[in-house]
Amino acid sequence: MALWGGRFTQDSDVRFKHFNDSLRFDYRLFHEDVEGSRAWAQALAKVNVLSEQECADLLRALNELEQEMSGREQEIAVAGDEDIHSYVERRLIEKVGALGKKLHTGRSRNDQVALDLKLFCRSAADDLLKAIRALQRELLKVADQYQGVIFPGYTHLQRAQPVTFSHFCLAYLQMLDRDFVRLSNARNLLNTCPLGSAALAGTAYPIDREALAQSLGFKGATHNSLDAVSDRDHVMELLSCASVSMVHLSRLAEDLIIYNSGEANFIELSDKVTSGSSLMPQKKNPDALELIRGKTGRVVGALMGSLTTVKALPLAYDKDLQEDKEGLFDALDTWHECLDMMALVFEDIKLNTDKIEAAAKGGYSNATELADYLVSKGVPFREAHSVVGQVVLYAIEQKKPLEELSVAEFQKFNAVISDDVYPILSLQSILAKRNVLGGVALEQTRAEIEALKKHLG
Ligand code: ARG
């Protein structure tokens, strides 16, 4: 049964019906549609469109329907109705007869779908905020556990200066913290209630829209009916939050894939999150991480899709807006899954500390220290930089790290170098010197970890 048809003399073409119907994906708004309908029934009772008894009967039927279909939402998808709003109304009429036909008084599917989608976005955001926190806690555990492990730090994927594995983990923890704040802000901004905007001009019944908004847990009602039914900022914003966060996850995935490669061999991923090759028995592939990296594409694609759908769309509601849902659902599911999967990766990650320390020592990552040492002896930095460049070239030829050159060898390049150079070339001293807020010194990392433990609870 369609919600319209009075002014039509012909049935829809089945191909058009399939093209036009949205139930196969908007069935996911079932609970939101029931929740909004309950609030609307109560609002109608307050303005005497429904009697107290009628309202009570409708609420009972809505509750019954919700209970009946809980856990069976997938069945709704194939019920044949045009959309979730049509489905709920039909089922209601089946339960309470003619009374069910009164619920749509003063309401349009345009404000109804706008409401349902906002309710959905709000609870999806709440779930995602929890998932971000859960991943942050896993990262923090690993950062805490491996505090002392000195790790090669890179720029241009060339070994640059030593850092610690903790410091690396904490870098991603910061990104996730911004993802958390970004999503909380988006949730806060979307938290206004469009119900009562009707098709486009506002409902003709004297509904107290502020009270209605409160009853649905919103911080207030929307202030313009044209905007309220056509606003999809929250879809674009959640997709934007998802995209930025997926870009972070993708970078983390890529770093770990590199660290897990046969060439680096810094980390070992658990059997739980890797898979084998059907041909090559020795292989253990980082599929979880590759999929996280790969899925970033479809989330960013969904953002582009939603921006493009809304671009140049005339006010107010247009059917184009029905295209807002599939990309949103898919992207938020994907984001959530990737956050969970990354947490699983960190749950059992192992470090090959020997390999890591050897790599941190190699690559002349203490060359900057030697330059600073020369500066401390009065050599201008630009000159020191060039001297150290020559020392490194020599050391490469000798196949030795800097700390294994003798004082005599050093002095060939600059006479001020003496015995006291060796302690400053050690990795420990390099770290310890960077004892500024946000720096890599163990003392800083320890303080940061303690602060984050409190912050994440
Ligand atoms: N299925 C529609 C959507 O998702 C619901 C609103 C339909 N409105 C209408 N005026 N036909 O956007």
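Every number in this text was worked out from the coordinates using simple rules, so none of it is lab data. All values derive from a computational prediction rather than experimental measurement. Cβ sites come from the backbone with ideal geometry, for glycine too, and all protein chains shown count toward neighbours.
The calculated FRET efficiency for the pair ARG24 and MET304, based on their C-beta separation and a Förster distance of 35 Å, comes to about 0.90.
Model label points for ASP287 and GLN428, set 7 angstrom from Cα along the Cα-to-Cβ axis, are 4.4 nm apart. Under the simplified labelling scheme, the LYS311-ASN435 pair shows an inter-label distance of 5.4 nm, with each label point 7 Å from Cα along Cα→Cβ.
Relative contact order, whole percent, for the chain stands at 16, derived from Cα pairs under 8 Å and 6 or more residues apart. Counting 0.36 nm for each residue step from ALA451 to ASP348 and taking away their Cα separation leaves a gain of 34.7 nm. Longer than 29 Å from Cα to Cα, which of LYS46/LYS219; LYS17/LYS219; LYS283/LYS453; LYS283/LYS454; LYS17/LYS46 are they? Say none if no pair is. Checking Cα-Cα distances, LYS17/LYS219; LYS283/LYS453; LYS283/LYS454; LYS17/LYS46 exceed 29 Å. Taking other C-beta atoms within 10 angstrom as a stand-in for reagent exposure, ILE396, ILE84 fall in the order ILE396, ILE84, fewest first. What is the distance in Å between the Cα centres of region 346-402 and region 213-292? With region 346-402 and region 213-292 each reduced to a Cα centre, they are spaced 36 Å.
My understanding is that a pair violates if its Cα-Cα distance is over 30 Å; which of LYS130/LYS361; LYS325/LYS350; LYS412/LYS433; LYS284/LYS399; LYS102/LYS130; LYS295/LYS433 do that in this structure? Among LYS130/LYS361; LYS325/LYS350; LYS412/LYS433; LYS284/LYS399; LYS102/LYS130; LYS295/LYS433, the Cα-Cα distance tops 30 Å for LYS130/LYS361; LYS325/LYS350; LYS284/LYS399; LYS102/LYS130; LYS295/LYS433.
Here r is the Cβ-Cβ distance between GLN214 and LEU129 and R0 is 25 Å; the resulting FRET efficiency, rounded to 0.05, is 0.65.
Between GLN53 and GLU75, take the C-beta separation as r, use R0 = 35 Å, and let me know the FRET efficiency to the nearest 0.05. The calculated FRET efficiency here is 0.65. Compared with the direct C-alpha span, the chain from LYS319 to ALA98 gains 76.7 nm at full extension, assuming 0.36 nm per residue.
Which residues does a label at ARG7 reach in region 205-230, if reach means a backbone N under 12 Å from a point 7 Å past the Cα toward the Cβ? Correct set: none at all. With the cut-off at 1.5 for a/c, could you classify region 1-75 from its C-alpha gyration tensor as rounded, prolate or oblate? It is oblate, given that a/c is not under 1.5 and a/b is not larger than b/c.
Residues LEU92, LEU427, ranked from the fewest to the most other C-beta atoms within 10 Å, line up as LEU427, LEU92.
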